[in-house]
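Below is one structure, written out as structure tokens; comments come after it.
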């Protein structure tokens, strides 16, 4: 195990940049090449370790003594000021976390993802019909990626059709997310709790998470309203991630039209292409959720003491040459691809099956229905700022 003196550096500020782009900052490659954990200063709470190699990151994600709960405390190093609700599925470990995972297992099963796929295909076709009828250029983010991801989320939770903003759970979650750490947060939370409680008490819900929560409550095994609300909040927020990923994936393909040609000629490659895009495209501006060691942990040969926090940079691990030959190249035929885009271990993203279907349906429909699609010549893409995700604000396209 490496001596801690050898692994300790003068801490560097992290994230490395506030700019959003698809190519990772050189700092990640330098840290990987050192083979050591990098000491960093996070925006809140002070110093932590940054894991960047594949082995380091996988250990942090899967080790039973690297926990999220202790990392979700006021004094611990983290990326954002706001803390997650202590009973959130994202902030729990052990049996409490397992109980919540069981509550959402049906909604996130591969079977459910297959059920939702036809709805995604129909919505993709409808959105593309409308997009291609617009004047050029058109914004692929607003006209296609965002509404398609929203459809996936509504299908996932089983949101009944509603014209009433007070019963639209997805809209209420978005409102609460925007109101965090403001005077309006308490009111937004109350509105969301009331809507969730009203829905899971109702009858005739369509298939989805809300109906699952309703059925478990009916047999006396359900979660409290507050727990159910936290679960819905986490699921809906997590379900927005594809709206960040899809524009970036479209941008990568449009920048490399040879890959589009390959996929048109060899459609059987789509499953491999989806996995490679997930590996290749960084969504986080920084690492994943921090973990705090509850006992000394050996992280790929480096000792992390109890109470220390480690940030697992999955975006860096996915470009580790030791695990992915020619890692900096997009290879849509890559055979072995154990990427960490969905994480690993107990907190691995449960939405992976649905995300895979959504990515394939959206991109496949896009390049099939719009064969002349290209980046707009006079309207460059723009990026959001101030988030912990790399998200395109606009992606103007022509056809």
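A few comments on the model shown:
- Sole residue being at pLDDT 95 or above and closer than 30 Å to residue 82 by Cα, chosen from 325, 296: 296
- Considering residues of the stretch 41-58 that are crowded, with 24+ Cβ neighbours inside 10 Å and touching a strand residue (DSSP E or B) at 6+ places or on another chain (Cβ under 7 Å) only, the residue nearest to residue 341 (Cα to Cα): 57
- Options 158, 106; residue that is buried (at least 18 other Cβ atoms within 10 Å of the Cβ), modelled with pLDDT under 95 and in contact with a helix residue (DSSP H, G or I) (Cβ under 6 Å, 6 or more places away or on another chain): 158
- Sole residue being closer than 30 Å to residue 397 by Cα, in contact with a helix residue (DSSP H, G or I) (Cβ under 9 Å, 6 or more places away or on another chain) and part of a helix (DSSP H, G or I), chosen from 233, 245: 245
- Residue in the stretch 141-149 that is farther than 16 Å from residue 239 by Cα, assigned to a helix (DSSP H, G or I) and touching a residue at least 24 places away in the same chain (Cβ under 8 Å) present: yes
- Selection from the stretch 298-309 of residues that are closer than 21 Å to residue 41 by Cβ, buried (at least 16 other Cβ atoms within 10 Å of the Cβ) and touching a helix residue (DSSP H, G or I) at 6+ places or on another chain (Cβ under 9 Å): 299, 302, 303, 304, 309
- Within the stretch 190-208, being out of contact with any helix residue (DSSP H, G or I) (no Cβ under 6 Å at 6 or more places or on another chain) and in a helix (DSSP H, G or I) holds for 190, 194, 198.
- Condition check for residue 183: surrounded by fewer than 19 Cβ atoms within 10 Å (Cβ to Cβ), out of contact with any helix residue (DSSP H, G or I) (no Cβ under 7 Å at 6 or more places or on another chain), in contact (Cβ under 8 Å) with a residue 40 or more places away in the chain and outside any helix (DSSP H, G or I): no
The values are calculated or read from the model by the stated rules, or taken from the named source; none is laboratory data. Only a predicted model underlies this, so the values are computations on that prediction, with no experimental measurement involved. Using ideal geometry, Cβ is built from the backbone for each residue, glycine included, and neighbour counts are taken over all protein chains shown.
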